[in-house]
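The values are calculated or read from the model by the stated rules, or taken from the named source; none is laboratory data. Since the model is a prediction, treat every value here as computed from it, not as a measurement. Don't worry about glycine lacking a Cβ; one is built from the backbone with ideal geometry, like all the others, and counts go over all protein chains shown. Protein only, heavy atoms only, side chains kept; ligands, DNA and RNA dropped before computing areas. Shrake-Rupley method; radii C 1.70, N 1.55, O 1.52, S 1.80 Å.
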Amino acid sequence: MKNKKALYYAILPIAYFILSLICVSVTFAILKISLDIYYRYNSQYGGALIDAIEFFMLFRKQTGLDHNLNYVIIAVCTFIVYYLFMRKTFVGLAKILEATTQMADGDLEKTIDIDCKGDTKILGDNINIISRLLKDVTVQERKAQQTKADLITNVSHDLRTPLTSIKGYLGLINEDKYRDEVQLRYYVDIAYEKSKELEILINDLFELTKVQNRSITLDKMDINLVELLNQIIFQFGYQFQSEKIQERSFFSEDKLIISADPNKLVRAFQNLINNGIKYGTGEFLDIYAYKKKNYAVVDVISYGNPIPAVELPHIFDRFYRVEKSRNKNDGGSGLGLAITKSIVTLHNGVISAQSDGERTVFKVMLPLLNDKSNDKIEISEKVS
């Protein structure tokens, strides 16, 4: 195939040149015969055309060019016709060369607009496609680099904060800068709590990395999602009581059977409930579970201050936290919702968030066991 294409491109200019020569030669012969006939029958009457023919004949004799002049005229006309045949191709190649030079200098916004057909047009279009793909890759690489830089900055900051406190209080203890046993115990308790925060952050970071890199193995089994949610809600009983929040469950089905890793799924829903307790300022936290088409749907609804619309698209990002005025506790790694989204995605599910002036809804959709299709779900679907 490549050899045929190479042969085609080698022969094509020669073929056009031969075609130009044939066209010019035939046209010149027809014109010469026509003028000879016209001169033979109209020379006695004269006229401008007869005068021009006689002048041309006299010019040929006086210059001595004779028949050579015919060849010169044919050659010049052949090159003119050949250029007209190949003009669009030549202009297209010139545009491609100019555009690729600008692209090579870094101008990826440059596009090639060629007014011709055939392989030259295809070449220009392919270069435009490559340029767009390269631009997209460049943009993605820049975003990845920025994300990496932000991740390093956030990790450094979040690790440094508890570590600074630990070093500070342990330094006071090491230098015996405490009044009595009570103050010593207070310093030790603070250092211990900060070390637990540090441990949570490191564990969350490792878990998120494993989940997002898909290096984690899911131990799936058939589970009843309704029973799983009841167990999780029971575990939060003390926390609901201490935060003076009333939990309300609304399960439209007794059984919602899914194939999932229960430990990972428990972590995901624990993160959502913790988030509702931490950020909600209302008296209630509602949990709905119901069937919708071939999916089991779980809504975790908290009440109070909404998530601002400008921040809503970023709440599943790593280390992203909504402004502190909504947060009753400044603790947390900022990785909970990112981990939750990754776990749900690993289960071929979809998670979304909506917030208005009254409530914030986290919706999780997981495929039921009797339908393992991977149909895409619109994240922007309205909460019923």
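At 1.4 Å probe size, with every protein chain present, just tell me what the per residue accessible area of the range 199-298 comes to in Å².
55 Å²
If you plug each phi of the range 218-233 into the Karplus form 6.51 cos²θ - 1.76 cosθ + 1.60 with θ = phi - 60°, what whole-Hz ³J(HN,Hα) values come out, in order, with x for Gly and Pro?
Computed from phi, the couplings for the range 218-233 are 8, 9, 7, 8, 7, 10, 8, 4, 5, 5, 4, 5, 4, 5, 5, 4 Hz.
For the range 86-103 and the range 185-248, what is the separation of their C-alpha centers, rounded to whole Å?
One Cα centre to the other: 62 Å.
In the range 264-323, what GluC sites (Glu not before Pro) fall in a loop by DSSP, with at most 13 other Cβ atoms inside 10 Å?
Working: sites: Glu283, Glu311, Glu323; in loops: Glu283, Glu311, Glu323.
Within the range 264-323, the qualifying GluC sites (Glu not before Pro) (loop, at most 13 other Cβ atoms within 10 Å) are Glu283, Glu323.
How much length would be gained if the chain were fully extended between Ile129 and Asp113, taking 0.36 nm per residue of separation minus their Cα-Cα distance, in nm to one decimal? Could the numbers behind the result be given before it?
On the way: separation 16, 0.36 × 16 = 5.76 nm, distance 1.24 nm.
The Ile129-Asp113 span can extend by a further 4.5 nm.
How far apart, in nanometres, would the label points at Ser195 and Ser259 be if each is projected 7 angstrom from Cα along the Cα-to-Cβ direction?
4.4 nm
I want to check the label-to-label distance for Lys167 and Lys293. Put each point 7 Å from Cα in the C-beta direction and report it in nm to one decimal.
Going from the Lys167 label point to the Lys293 one covers 5.4 nm.
Taking the Cα centre of the range 241-287 as the origin and placing charges on Cβ (Lys, Arg +1; Asp, Glu -1), which of Phe269, Ser252, Phe284 is farthest toward the positive end of the dipole?
The one lying farthest along the dipole's positive direction is Phe269.
Using 1/(1 + (r/R0)^6) with R0 = 56 angstrom and r between the beta carbons of Ile30 and Asn370, what's the FRET efficiency to the nearest 0.05?
In this case the efficiency is close to 0.10.
Amide H neighbours of Tyr295 under 5 Å, at least 5 residues apart or on other chains, H built in the peptide plane: list them.
Leu368
Amide H neighbours of Leu285 under 5 Å, counting only residues 5+ apart in sequence or on other chains, H built in-plane at 1.01 Å?
Correct list: Gln246, Glu247, Arg248.
With a ≥ b ≥ c the root eigenvalues of the C-alpha gyration tensor of the range 206-255, is it rounded (a/c under 1.5), prolate (a/b larger than b/c) or oblate?
oblate
Just subtract the alpha-carbon distance of Ile74 and Arg142 from 0.36 nm times their residue separation and send over the number in nm, one decimal. Working shown, then result.
On the way: separation 68, 0.36 × 68 = 24.48 nm, distance 5.97 nm.
Full extension from Ile74 to Arg142 adds 18.5 nm.
Which of the peptides 258-266, 78-86 is most tightly packed, and how do the rest follow, judged by the mean count of other Cβ atoms within 10 Å per residue?
The most tightly packed comes first, giving 258-266, 78-86.
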